[in-house]
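Everything on this sheet refers to the single structure shown next.
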Amino acid sequence: MSEPTERFVLANGLRHHVLEWTPASREGAETVLLAHGFLDLAWSYRWLAEELVQHGYRVLAWDWRGHGETERVGRGGYYHFYDYSLDLEELLAELVPVDEKAHLIAHSMGGSVAVIYAGTRPERIQSVCLIEGIGPGEWKQGHVAKMKIWLDSVARIRSRELKPMSVEDASQRLRRTNPDLPKEKADFLAEKGTLPIEGGVAWRFDPLHRSTSPAPFSMAGFGEFMNAIEAPVLLVQGARGFRLPEEAERRALLGDHEFVELSDVGHMIHQLRPKELARIWRTFVTGLTTSSS
């Protein structure tokens, strides 16, 4: 088992927790960036990273702001979605040489950030793999309704008392959300994803994430980013995963991309099928090298 090194990198004013899996030989090793999803953390990619580093890749995963061990926003701050893109911009500046492109693998919410960043900074991205990550559902109820929900949800979160639980409770909650997750993986993620408080532990992510964003999601804007991606794109989805009513139209905005659907798996493909996911991704990037030579 390849153990990662852990460090903290200042990006966009926040200390980001970064994991790095280093191959036996760094010479000529391509860099793979792993961007996790909503209420998840970098350690969620442990099993995929272990597969990739065995094949000579340098693998980096980090906790997004207010997730895992990365700092939360300060008093009076909020998690506005485009902030993640600036976080990624400054993380890349610290982690990947400016003359080097990186592969970007992103899950769920991380996929939305990946689309935005890859469309904006095509010169930094070698390939994009979106795991169940082509954006949330479009909000169609208007700005006023969205703002009301945001104000109400923030007030509710801030008034809620933080209730302690045990690590075993956390593990059981992860398995209730993701019933296919093996207990040993749930135990590991529960340990990494909680912090001690009086009377037990609590989730490491900022509770404010559970509020509803004030910014309505619009495909008009997101579609521009999808169209602007220049890197080859691999879209991986689970047969029992997250689906959108307008999925075909949204996929069309990605242009010429490769699509793979894995049978008998849900949303958390990187946790449940890391070996198969690594094989699919390596076949994809190997094909890119072959076709360009």
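The values are calculated or read from the model by the stated rules, or taken from the named source; none is laboratory data. All values reported here derive from a predicted model rather than from experimental measurement. Ideal geometry is used to build each Cβ from the backbone, glycine not excepted, and the neighbour counts take in all protein chains shown.
One table, with the values for the structure above:
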| read-out | value |
| --- | --- |
| Some residue of the range 36-43 being charged (D, E, K, R), outside the structural domain of Ser211 (by TED's automatic domain parsing), within 13 Å of the chain's Cα centre (by Cα) and closer than 30 Å to Ala252 by Cβ | yes |
| Which listed residue is modelled with pLDDT under 95, aliphatic (A, V, I, L, M), surrounded by fewer than 20 Cβ atoms within 10 Å (Cβ to Cβ) and not assigned by TED's automatic domain parsing to the domain that holds Thr177, from Val98, Val73 | Val98 |
| Segments classed as strands (runs of 3 or more DSSP E), wholly inside the range 1-115, with at least 2 members that are of a type in the set (Gly, Ala, Ser) and within 30 Å of Ser213 (Cβ to Cβ) | 102-107 |
| Filtered residue count, the range 235-282, keeping only those that are loosely packed, with under 13 Cβ neighbours inside 10 Å, at pLDDT 95 or above and part of a helix (DSSP H, G or I) | 1 |
| The range 229-277 - residue that is over 20 Å from the mean Cα position of the chain (by Cα) and among the hydrophobic types (A, V, I, L, M, F, W, C) and, of those, nearest to Pro122 (Cα to Cα) | Leu253 |
| Among (1) over 20 Å from the mean Cα position of the chain (by Cα); (2) within 24 Å of Val59 (Cα to Cα); (3) surrounded by 15 or more Cβ atoms within 10 Å (Cβ to Cβ), the one test that Gly287 misses | (3) |
| Flag for Lys192 being in contact with a helix residue (DSSP H, G or I) (Cβ under 8 Å, 6 or more places away or on another chain), charged (D, E, K, R) and within 28 Å of Arg65 (Cβ to Cβ) | yes |
| Options Glu90, Glu132, Glu123, Glu94; residue that is touching a residue at least 60 places away in the same chain (Cβ under 8 Å) and farther than 28 Å from Pro216 by Cβ | Glu94 |
